[in-house]
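Presented below is the structure to which this report refers.
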Amino acid sequence: MTALLIIFATAIFVLFAGLTKNRSWLQPLALTGCGLALGVTLFELLGAGPGGWNHMYADMFEFTDYALAFSAVALVSALLIIGLSGYGFRSLHDTLGDNYGLILFSLCGALCMFSFTNLTMLFLGIEILSIPLYVLAGSRRNDLSGNEAALKYFLMGAFTTGILLFGMALVYGATASFDIHSIASAISDGRHSAGMLHTGIILILIGLGFKVSAVPFHFWAPDVYTGSPNLITAFMATVVKTAGFAAFYRLFSVGFAPAIDFWSIPVAGMAALTMTVANLTAIFQTDFKRMIAYSSISHAGYLLLAILACDVPGSEGALLFYSLTYSVATILAFGAYMTIAEPNDDGSFEAFNGMSKKQPLLAAVLAISMLSLAGIPPTAGFFGKYFLFTAAFAKYPWLIVLAVINSAVSIYYYFKIIIAMYFTREENDYAVVTSPGIRWVVVLGLLLIAFLTIVPGSVYALI
Amino acid sequence: MTLYIFLTLAIVSVITALLMVFSRNPVHSVLFLILTFFAIAGQYVLLNAQFLAVVHIIVYAGAIMVLFLFVLMMLNLNSETEPQKSTMWKIMAAIAAGSLLLTLTGALRGSVQLATPVQSNPRVGLVENLGKVLFTDFVVPFEIAGILFLAAMVGAVLVGKKDLKL
C-alpha cells in the first residue's frame, strides 16, 4: 500500500512538473518515485512486514509476501523501462509529462492486482492497468500503425472487460461473495450453484487469458506490440504480463482452488495451445518486435504451467523467479534493439548484422538476454524454466514434454539474432546510437541477471 | 403480479434489443437501445435497486445516448452508408454467437436455485444505504476508482492534445 501511495503521488507530481518548460527532470523524478517505492517494498518484504495496512482494509487488500515480492518485480521492471525512456521518448515534447504520468498510473493498477482479496479490487486494478495503456499505445499520433494498435487494443480490451465482468457477476451469483476466501469456502462447502460457478470461472478465464495474451485470445498481441512505441511494448510485455499472471495465480490458487478439477482441463489445453502455436508462428517472423510478441505469447504458455501446479509447494516461487528473469531479459533486449532500430527505422533481423563489431557490449547484452529467454544453461532463464517444469511435472508430464520440445524450437528463432550479430559476413552501415541512460540500464540489468544466475534460490525461496 | 411485470419487461427488452441490431437506420437503432435501457431499469426496480435504476436511466439513456446521437449526426450516417458485410461473415458470426448462447443457456439451465437471502430492509437500494456501504466497507475501492478516473481523464486529454515543440 505504501508503494501504491508513493507511485500515485509521483504520478501526480510528474503530471504537474510536465507543465513547466524544463522537462529534463521528469525522468529523474519518475525514477526517484519508483526507486523509493521499490525500497519500501523490499524493506517490507525482507524485514519489517507490511505494517498496519494489512489489518485496516483486510477485506480488500492483503499484503502477503506474495504481493510484496510481485510488487518488487513490477517496480524493478518499471524502473528499468523508465531508465530507458530518456532514449525512447526523445520524439515527445510537451506531452512527455503526461506519458510518464500514464505509465505510473498503469503501475498503480498493477500494484492493486498483486494484493487483492476482493474481486472489486481485481477489476479496478485491471482497468487502471489497461486504460492508460490504450492511450500510450497510440502516443505517436502521426504514426498509422500506432493508431491501429491503440484502436485494436482498446476495442478488444473493452470487449473482454465485459466478458470478465460477466464472469465475476456469475461467480457472485453462485457463491454470494466477492471475497476470494469466502468464494473458496463456499465452493468447498458445496454452498454454491455449480452451473453458474463453472460458467463464471470460464468467462473469467477468457478475460484473464486475453490480458496475458494466451492462445486462442492472443490475436491482438502481435499487431499491438508491433505498432506501439518500443518502450510501451516493453512495458506491455513485462509489467502487464507479470501483473496479469500474479492476479491469475492468486485468483485461481486461492479463490477457485477447490474447483481445480474443473478448471485445470481448459487451462492445460490453453497452455499446450499457447506454447505450440506461438513458437511455431515465431519461427516465420522477420521483424524483431513481432518475434518478441510471439515469444512473449509463448512465455505466457510456460507461465500457465505455474497456475496448473498451484497446489504444489514452490509453484509461487517458480512463478516469481520466471517473471523476474523474463522481464529483465525482455527489457534488456528492447534496450539493445532501440539503439539500432530507432535511428535507422528498421526493425528487421538484418538490421543487427555485424552489431558485435560496432557495439560489443550491447551485442553481448542482447545475446545474453536471447540465451536467457531461450532457457540455455547456465543463464537465469534456464533456472526459471527448471523451477516451473519441476513444479508441474508430477501432475502434467505430457505438458512438460511438450514444453521442453517447444523450448527447443524457440532456440531457433532466438539464435537468428545472435547469428545476425556475430556470424553474418555482409554488414550494413547502420549507426548505433546509445545514451548514458541505456548504458546504465544495461549494466544494472546485466548485474541482475548475473545475480539471478549465481544465486537463483535467493529469489525462488522468497515466498 | 411481479412475475407478469418481469415477463413483460423481459420480453420488451429482448425484442427492442433485437430491433436495435436489425434496424437499418442508425438513429432508429439508438432509439430502440433507449427503450431497452428503460426496460432494464424496470428490472432494477423489481430487484429493489431504485438508485441503480435512476442512475441507469440518467447515465445510459440520457448522457451516453445523447453522445451516440451527436456522433451519428456528425458522421451523417444513414441506411445508404451502412457497410455491407458479406453473407459468409454474417453466417460465421451467427454460428459463433449462437454457439455461445447455446453453451451459456445449457450451463445455466442446470444450475440450482440458491436460497435467496431475504432482504429485511426494503430501503436497501436507496441512496442512503448505498452511501453508507460505499464509505464504510467499500471505501478502498471507492478511493482507488478515483485513480482510475484520473488516469482516464489524463488519457482523454492526451488523446486530444497536439504534441508541440516548446
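The values are calculated or read from the model by the stated rules, or taken from the named source; none is laboratory data. Small disclaimer: the values here were computed from a predicted structure and weren't measured. Every residue, glycine among them, receives a Cβ derived from its backbone with ideal geometry; neighbour counts consider all protein chains shown. Just so you know, the surface numbers come from the protein's heavy atoms only, side chains and all, with ligands and any DNA or RNA stripped out. Shrake-Rupley method; radii C 1.70, N 1.55, O 1.52, S 1.80 Å.
Some points to look at:
- Filtered residues of segment B:121-166 (kept if in contact with a Ser or Thr (Cβ under 9 Å, 6 or more places away or on another chain), in a helix (DSSP H, G or I) and more than 7 Å from every other protein chain (Cβ to nearest Cβ)): none
- Scanning segment A:416-441 for residues that are open to solvent by less than 50 Å² (accessible area, probe 1.4 Å) and either closer than 13 Å to A:Phe349 by Cα or under 23 Å from the mean Cα position of the chain (by Cα) (or both) turns up A:Ile417, A:Ile418, A:Ala420, A:Met421, A:Thr424, A:Asn428, A:Gly437, A:Ile438, A:Val441.
- Put simply, of A:Tyr386, A:Tyr413 the only residue that is in a helix (DSSP H, G or I) and more than 20 Å from the chain's Cα centre (by Cα) is A:Tyr413.
- Selection over segment A:287-335 of residues that are touching a helix residue (DSSP H, G or I) at 6+ places or on another chain (Cβ under 6 Å) and not in a helix (DSSP H, G or I) gives a count of 4.
- All positions within segment A:37-52 that are modelled with pLDDT under 75 and within 26 Å of the chain's Cα centre (by Cα): A:Gly49, A:Pro50
- Looking at A:Thr226, A:Thr160, just one residue is in contact with a strand residue (DSSP E or B) (Cβ under 9 Å, 6 or more places away or on another chain) and closer than 29 Å to A:Tyr322 by Cβ, and that residue is A:Thr226.
- Among the candidates A:Pro313, A:Pro343, A:Pro377, A:Pro360, residue that is open to solvent by 30 Å² or more (accessible area, probe 1.4 Å), touching a residue at least 12 places away in the same chain (Cβ under 8 Å) and either over 23 Å from A:Gly269 (Cβ atoms) or of a type in the set (Ser, Thr, Tyr) (or both): A:Pro343
- The residues listed here are B:Val112, B:Val127; of these, the one that is modelled with pLDDT of 85 or more and surrounded by 10 or more Cβ atoms within 10 Å (Cβ to Cβ) is B:Val127.
- Pairs where the first residue, in segment B:93-104, is over 15 Å from A:Gly195 (Cα atoms) and the second is not in a helix (DSSP H, G or I), C-beta under 9 Å, 6+ apart: B:Ala93/B:Lys85
- With a requirement of 1 or more residues that are of a type in the set (A, V, I, L, M), without any contact (Cβ under 8 Å) to a residue 12 or more places away in the chain and away from chain B (no Cβ under 11 Å), the helices (runs of 4 or more DSSP H) lying completely within segment A:74-181 that satisfy it span A:144-175.
- The set of residues in segment A:53-68 that are in a loop (DSSP other than H, G, I, E, B), within 13 Å of chain B (Cβ to nearest Cβ) and at pLDDT 80 or above comprises A:Asp59, A:Met60, A:Glu62, A:Phe63.
- Residues that are more than 30 Å from A:Val73 (Cα to Cα) and part of a helix (DSSP H, G or I) within segment A:422-450 comprise just one, A:Tyr422.
Rundown of residues vs (1) aliphatic (A, V, I, L, M); (2) open to solvent by less than 20 Å² (accessible area, probe 1.4 Å); (3) more than 25 Å from B:Val139 (Cβ to Cβ), yes/no style:
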| site | (1), (2), (3) |
| --- | --- |
| A:Phe16 | no, no, yes |
| A:Lys21 | no, no, yes |
| A:Ser24 | no, no, yes |
| A:Gly39 | no, no, yes |
| A:Met56 | yes, no, no |
| A:Asp59 | no, no, no |
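- Test: A:Phe393 is surrounded by 14 or more Cβ atoms within 10 Å (Cβ to Cβ) and free of Cβ contacts under 8 Å to residues at least 40 places away in the same chain: yes
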